[in-house]
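Participant: This is the structure I want to talk about, given as C-alpha cells.
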C-alpha cells in the first residue's frame, strides 16, 4: 500500500516539478561531495556555484510556466468581434477556430496578432453586399466595419475581392491597393493599410443556385499574406463557408441561432 501510495503521488507530480526536484538532489549531492573533496577555503565557492545553478533552474521553470499560461489564455482573447457584430457564441467560436487554424497552417506557428488577420461576413441585401459581422485581433485599433457595403456591380470586381468572389462563385484572393475615397459603389471605410484578401462565397441552403453572401479574411502584413496564400487557408475557408451556410440557413428558419444585422 505504501509503495502504491508513493507511486500515485509521484505520478501526480508534473514534469517541471520532477526536473526541479532532480536538479535539487544533484546540487545537494554535488555540494556534499565538494565538502568532502575540496579544501575548506573552496567550499564557500562551491556553495555559491550550486546556489547560482539552482536559481537559474528556478527562473527557467517560472518563465516556462508563464509562457504556457499566456499561450492558454491567448486563443480566447486574441480574436474578438466588433461591438456591432451580432452576438453568437457558436459563430464566434467557429470564426476564432478558423483563424487559429489558418495561423497554424505553416511550419512556424503564428498568431492573429502577428498576422494582423481580420474576418468579415458580408450578406447580400438587394443589390449590395453588406458587412454584418466583423472580428479582429485585440491588438488592432478596431474600426466599426459592420455596415460597410459594396454594390453588386461587376465593374467593382477588379478592385473589391468580395465582389469578385460573389460573381465568380468561387474563392478569390489577391493583393490589394488602397481604395480611392468616395469610390462609387462603396459605402463605409476600408482600411488604408490593407494588403491581401481571401474571400469565399457562402451559398444558400440549396448550395447550388443562389449565394447568401461572402466571408473573407484580410491582412495588412507579409505574415498574413503568406498564411492566406497557402493551401491550408483554402481548405479552412471552404469548410468555414459550409458551416456558415448551415448556421445562417437555420437562423433564417428559426431566428434562434444568429441575429443578423
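Participant: If you take the residues of region 191-223 that are in contact (Cβ under 8 Å) with a residue 60 or more places away in the chain and over 15 Å from residue 120 (Cα atoms), which of them is farthest from the chain's Cα centre (by Cα)?
Facilitator: Taking the candidates together, the pick is 211.
Participant: Kindly indicate whether residue 146 is closer than 14 Å to residue 119 by Cβ, surrounded by 14 or more Cβ atoms within 10 Å (Cβ to Cβ), over 19 Å from the mean Cα position of the chain (by Cα) and at pLDDT 90 or above.
Facilitator: No: the conditions fail for residue 146.
The values are calculated or read from the model by the stated rules, or taken from the named source; none is laboratory data. Bear in mind that the values here come from a model prediction, so they are computed numbers and not experimental data. Neighbour counts run over all protein chains shown; Cβ positions are idealised from the backbone, glycine included.
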